[in-house]
Amino acid sequence: QVQLVESGGGLVQAGGSLRLSCAASGRTFSNYGMGWFRQAPGKERKFVGGISWSGGSASYADSVKGRFTISRDNAKNTVYLQMNSLKPEDTAVYYCAASLVTYDSRVTEYEYWGQGTQVTVSS
């Protein structure tokens, strides 16, 4: 089992920044590719980005490319999502997820999920 706990969400004005953290416990963190997803009210959960096991590679959804950055610290069992130039359409609950086989957008390949943290961007 892997337990994931997100933090860092909140209310921010458009153009502002937030950094989300996802702390993992349980099994060896570096064995897992990590993804960030988000879900707005009434909408499906969507891939934001993912980072490889070592942190050497990352991928992003087109909607956040150039604004969001994912990083990880395997010594601290934590993955981060730095969000800059936030827009109202970034408002959603953000989830981190862990996968043994991927760090891309295939939501069904993620075995473990956090409880989510709310991000609200005001205009």
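The values are calculated or read from the model by the stated rules, or taken from the named source; none is laboratory data. Only a predicted model underlies this, so the values are computations on that prediction, with no experimental measurement involved. Heads up, the Cβs are rebuilt from the backbone with ideal geometry, glycines too, and the neighbour counts pull from every protein chain shown. With ligands, DNA and RNA removed, areas are computed over all heavy atoms of the protein, side chains included. Shrake-Rupley method; radii C 1.70, N 1.55, O 1.52, S 1.80 Å.
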* Asked: When averaged across all projection directions, what area in nm² does the alpha-carbon convex hull of the chain cover?
  -> 6.7
* **Order by protection proxy (mean Cβ within 10 Å, highest first), peptides 55-64, 80-89** => 80-89, 55-64
* Residue-normalised accessible area of segment 1-86, given per residue in Å² at a 1.4 Å probe -> 50
* Hey, what did segment 1-112 get for relative contact order, percent, Cα under 8 Å, at least 6 apart? -> 34
* Could you look at the chain and say what percent of its accessible area is carbon and sulfur, using a 1.4 Å probe and all protein chains? => 47
